[in-house]
Each structure stands twice: as structure tokens, then as C-alpha cells.
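The values are calculated or read from the model by the stated rules, or taken from the named source; none is laboratory data. Owing to the predicted nature of the structure, the values given are computational and were not obtained by experimental measurement. Glycine gets a Cβ as well: all are built from the backbone with ideal geometry, and neighbour counts include every protein chain shown. Surface areas here come from the heavy atoms of the whole protein model, side chains and all, with no ligands, DNA or RNA. Shrake-Rupley method; radii C 1.70, N 1.55, O 1.52, S 1.80 Å.
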Number of protein chains: 2
Amino acid sequence: MTAPARKETISSRVLADLRSAILRNELPPGAKINLDHLRERFDTSISPLREALARLTADGLVLFEDQRGFRVSPVSAAELDDILEMRAILEVAALCEAVRHGTMDWESNIIRALHRLGRTSPTNDADQWLTSHDAFHNALIAGTPRMMLRRTCAGLIDLSRRYRVLTGLVGDGGDGADVHEGIAMAAVRRDAEEAAQRLASHLAAERTLLTRSFARLSNDR
Amino acid sequence: MTAPARKETISSRVLADLRSAILRNELPPGAKINLDHLRERFDTSISPLREALARLTADGLVLFEDQRGFRVSPVSAAELDDILEMRAILEVAALCEAVRHGTMDWESNIIRALHRLGRTSPTNDADQWLTSHDAFHNALIAGTPRMMLRRTCAGLIDLSRRYRVLTGLVGDGGDGADVHEGIAMAAVRRDAEEAAQRLASHLAAERTLLTRSFARLSNDR
DNA sequence: CAATCCAGAATCATCGATTATGCGCGAAAG
DNA sequence: CTTTCGCGCATAATCGATGATTCTGGATTG
């Protein structure tokens with residue numbers, strides 16, 4: 001066994017719940033986090049709550065300031081651009097590595113993620129679609145042996161999600177034929193060049209759309 | 001004023017001390033962290049200590065496992081390779097951005113960091129040399145407006161440090177003429193191509209040296 | 001009218017004690 | 001002789017209470 005099946009700490013449970021709440025923008029970007037309210041909501045005491053929040057700062061989802069507590073990381077056009085620039089660099093690099101080193105498990109997980117993504121309706125269940133979409137991107141890069149690269153990309157993909165929720169940009173922007181399928185096929189075919197190319201342009205398209213939508217959103221307020 | 005001069009929390013003080021202790025390998029890689037001992041050492045209670053450790057997981061310097069507490073992240077050839085690969089990608093990209101966007105402050109901080117590095121003896125005060133060296137690398141990329149890129153690179157530079165301490169690889173590996181000066185001059189001259197080229201080959205050299213030294217170290221034990 | 005100051009309230013940070021869990025070791029079983 | 005079990009100890013995790021700091025809003029002053 002690889003997992004000794006340890007009992008989860010309260011801190012870890014709260015961590016997972018909080019992350020999910022933030023990623024779904026239930027705790028909106030920039031919001032002040034009131035420890036007492038959350039303590040009550042999670043029916044626990046301050047210590048595990050603070051610990052969970054401290055751990056969330058690792059992902060960039062929460063900010064901490066001495067004597068002023070925690071708040072949900074705000075969103076900004078600058079951060080959005082940073083995120084997508086870094087994804088463009090790292091995710092493409094990771095995919096190339098994955099194509100070189102991926103096992104059959106990697107391949108099949110891509111196929112599975114692609115299928116699930118295809119079977120999810122962006123309009124019907126937005127939340128589920130986002131989850132499937134992010135899972136697909138993670139599946140693509142899962143083949144690289146570089147754990148650090150995987151984790152960093154995963155973090156960036158998480159950060160992207162809030163912007164999609166915020167702008168309501170769920171579903172590929174009517175890109176026409178399924179872009180994801182093209183990436184997946186090239187990857188499984190072990191065509192690194194082609195896969196990288198397609199992923200890069202998919203990310204570029206996402207970047208244009210998200211940036212534009214977010215700018216519009218900011219202006220409207 | 002930009003800084004309201006808030007009083008530092010105990011948690012933050014402990015965080016800084018712990019980070020420094022880990023980066024100097026005073027708390028060696030892989031070491032189990034005993035909460036009671038550290039609590040006594042820092043003359044505080046468990047809560048701020050746990051919080052500081054939780055925050056340190058953000059940098060990858062500390063690992064946490066449910067019901068088993070914290071330990072210093074272990075070192076490995078694989079992680080070393082990951083770190084240096086990501087530095088090669090991100091730091092070069094960041095430098096290019098910095099050359100494009102850097103202000104005069106950025107330039108002068110590079111010159112200053114270079115000077116300090118030159119005036120520090122690797123053999124005489126190894127710790128100080130490492131600090132100056134890392135500061136120089138951070139100064140190079142400080143010009144990019146992308147905060148996320150800066151932070152990520154800074155984290156990677158921190159992670160590298162432990163390997164240098166561990167292998168005793170302090171000082172440029174007798175690279176001959178001062179490599180750092182070459183990078184700095186190209187950067188200040190706003191020659192992105194040349195600066196990137198020089199930084200890339202500096203990092204490549206560091207990679208070869210560190211990888212070899214670390215492998216030797218691992219074999220000897 | 002604007003800026004400053006000062007309670008009092010709200011909130012954060014820390015502590016010491018308590019509970020829960022995992023680990024090591026020796027005894028018992030096979 | 002090896003494996004398994006269970007007890008007791010070391011340690012981690014959590015709690016509720018207390019001490020500090022910041023924030024708020026209204027009175028005061030220039």
C-alpha cells in the first residue's frame with residue numbers, strides 16, 4: 001500500500017473545504033476572512049482554522065497580514081496576465097516532457113479525462129465542467145516525472161479557475177472543433193511538437209478571451 | 001508611507017527564524033520536526049509555531065503529514081534537477097522581461113548587488129557569499145512587473161541554496177572571469193539577447209556542478 | 001467644515017491544558 | 001526464530017480562555 005490510510009486532521013478537512021469554497025468564488029476575491037464566522041461554520045476552534053488558512057497561502061488563494069488576519073486573494077488584470085503567461089511557459093514545457101516520459105497510464109488517463117470533459121455540459125453544470133476541464137489539463141502534464149513542474153502547473157490551473165467563474169467564461173469560447181481532442185490525440189500519438197503547438201494556441205486563445213472578459217467586467221464596475 | 005509599520009506577530013518572527021535555519025541547513029533536510037523542542041527554543045507556544053510551519057510549506061521547505069507533524073523537506077537528485085530546470089526556464093524569461101521593463105532603480109540595484117557579491121569572500125564567509133549571490137540573482141529579475149514570476153523565481157533560488165550548502169559548493173566553480181559581471185553588464189546595457197544567453201549558460205554550469213557534487217555526496221553515504 | 005482624538009467594540013494572536021493518535025518495545029503465539 | 005498483538009509513552013492536534021491590537025464612529029478642536 002502506498003497510503004497508510006491515516007485519519008484526516010480537522011485542519012486538512014477545513015483546508016479542502018476552504019479551497020473549494022474559494023475556487024467556486026463562494027468566498028469572493030478580496031473578501032476579508034472573519035475567523036469567528038468561519039470557526040462557527042466549520043464547527044471547530046481557531047487553531048485548525050488558522051492553520052488551514054496559513055496552508056492556503058501556499059497556493060496564493062489567501063493572503064495574510066500581521067495583526068490583520070487573512071483575506072481571500074484579490075483578482076486583478078495583472079495577476080490574470082501573470083498566471084496565463086506562466087501557464088503558457090510551464091504547461092507547454094510540461095506537456096513536452098510528458099510526451100517523452102508518459103506511461104500508458106498517463107495516456108489512458110488523458111483519454112478518460114477527455115471523455116468526461118466531452119460528456120459534461122458547460123451550460124448545464126458549469127461547476128462540473130470547470131472541474132473536468134482543469135482535470136483534463138492536469139492529466140496532460142501528469143506524465144512528466146518532475147513533481148515540481150506538475151505541482152506548479154496545478155497551482156496555476158487552480159488560480160485560473162476563479163477568473164473563469166468570475167467572468168462566466170465556462171466552455172471553450174466556441175473554438176469550433178474540439179481543441180482538447182486535438183491536443184489529446186497529438187499527445188497520445190507522442191507528437192510533442194504538434195501537441196505543444198496546439199496546447200500553446202489553446203492557452204493563447206483562453207488568454208485573449210479571459211483578458212477581454214475580465215477587462216469588461218472591471219469596467220462595468 | 002507604504003508600510004503602516006505593524007507590529008510583527010510571533011508567528012512571523014518564528015517563520016523568519018525557521019526559514020533561515022532551514023536554508024543554512026541547521027535544520028537538516030529530512031529532519032523530523034519536534035514541536036515541543038522548537039516551542040522551547042523559540043520560547044513560545046504551539047499555535048504560532050504550527051502556523052509558521054504551515055506557512056513554510058508554501059516555499060517547499062517543510063512538509064506536513066496528517067497526524068505525523070512536520071519535517072524539513074528532504075533533498076534529492078530529482079528535486080535538484082527539477083529546481084534547476086525550472087530556474088533555467090523561468091529565470092531567463094524573467095530576466096528578458098526585466099531588461100524590457102526595468103527602471104533605473106532596477107539597474108542600480110543590480111550594480112550594487114554585483115559589487116557586494118564581488119566584495120564577499122566565498123571561502124571566508126560562505127554564508128554571506130551565498131546570501132549575496134542569491135541577492136544578485138534576485139536583483140536581476142526584480143525588474144519584471146510580474147510579481148508572480150518574481151516570487152516563483154525567488155522561491156526556486158531559496159530552494160537551490162540548501163544544495164549549495166550541502167555540497168559545499170560556495171563560489172562560482174572557478175568559472176574564470178566573472179560571469180556575474182557579464183550578465184549584469186548585458187542587462188544594464190539592455191541587451192536582452194546577450195543577458196539571457198549569459199544567464200542561461202551560468203545556470204547550466206551551476207547545474208552541471210551541483211548535480212555532479214550532489215551525486216558524489218549521495219554515493220559517499 | 002475638516003482633521004484629530006479617544007472610548008468601546010470587534011477581531012486577531014497567543015497561551016496552557018486537554019484529548020487523540022501514532023510509535024516502540026516487550027510478551028505471547030505460531 | 002519470526003510475526004502479531006497490545007500496552008504505555010512520546011508526540012501531535014485541538015480546545016476554550018485570555019491578552020493585544022486594530023477598527024469604528026462620534027465628540028472635540030482648530
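Sorted shortest first, the separations between the B:ASN219 label point and its copies elsewhere in the assembly read 6.4 nm; each point sits 7 Å from Cα along the Cα-to-Cβ line.
Hey, could you get me the Stokes-Einstein D for the protein assembly as shown, Kirkwood radius over alpha-carbon pairs, 10 °C and 1.306 mPa s, rounded to whole µm² s⁻¹? Translational D for this selection: 67 µm²/s. Expressed per residue, the C-alpha convex hull volume of segment B:89-139 stands at 65 Å³. Accessible surface area normalised per residue over chain A is 49 Å², counting heavy atoms of protein chains with a 1.4 Å rolling probe. With helices as the sole contributors, chain A gives -22000 deg cm²/dmol at 222 nm; each DSSP H run of n ≥ 4 counts as -39500 (n - 2.57), and the sum is divided by every residue.
The other copies place their B:ARG68 label points at 3.9 nm from this one, listed shortest first, where each point is 7 Å from Cα along Cα→Cβ.
The angle separating the long axis of helix A:46-56 from the principal Cα axis of greatest extent in chain A is about 30 degrees. Extending 7 Å from the Cα toward the beta-carbon at both B:THR44 and B:GLU193 defines two label points whose distance is 5.1 nm.
Given a 1.4 angstrom probe, I'd like the percentage of the accessible area of chain A that is carbon and sulfur, rounded to a whole number.
On chain A, the fraction of accessible area on carbon and sulfur atoms equals 50 percent.
Using a 1.4 Å probe over protein heavy atoms, the accessible area lost on pairing A with B, summed over both chains, comes to approximately 2900 Å².
Sorted into 5 angstrom bins from 0, the C-alpha pair distances of segment B:163-221 split as 4, 18, 23, 19, 14, 10, 7, 3, 1, 0 percent. Normalised Debye scattering of chain B at q = 0.08, 0.14, 0.15, 0.17 Å⁻¹ gives log10 I(q)/I(0) of -0.32, -0.94, -1.06, -1.26, counting only Cα atoms as equal scatterers and leaving out solvent. Across the copies of the chain, B:ASP125 has label points (7 Å from Cα along Cα→Cβ) spaced 6.2 nm apart, shortest distance listed first.
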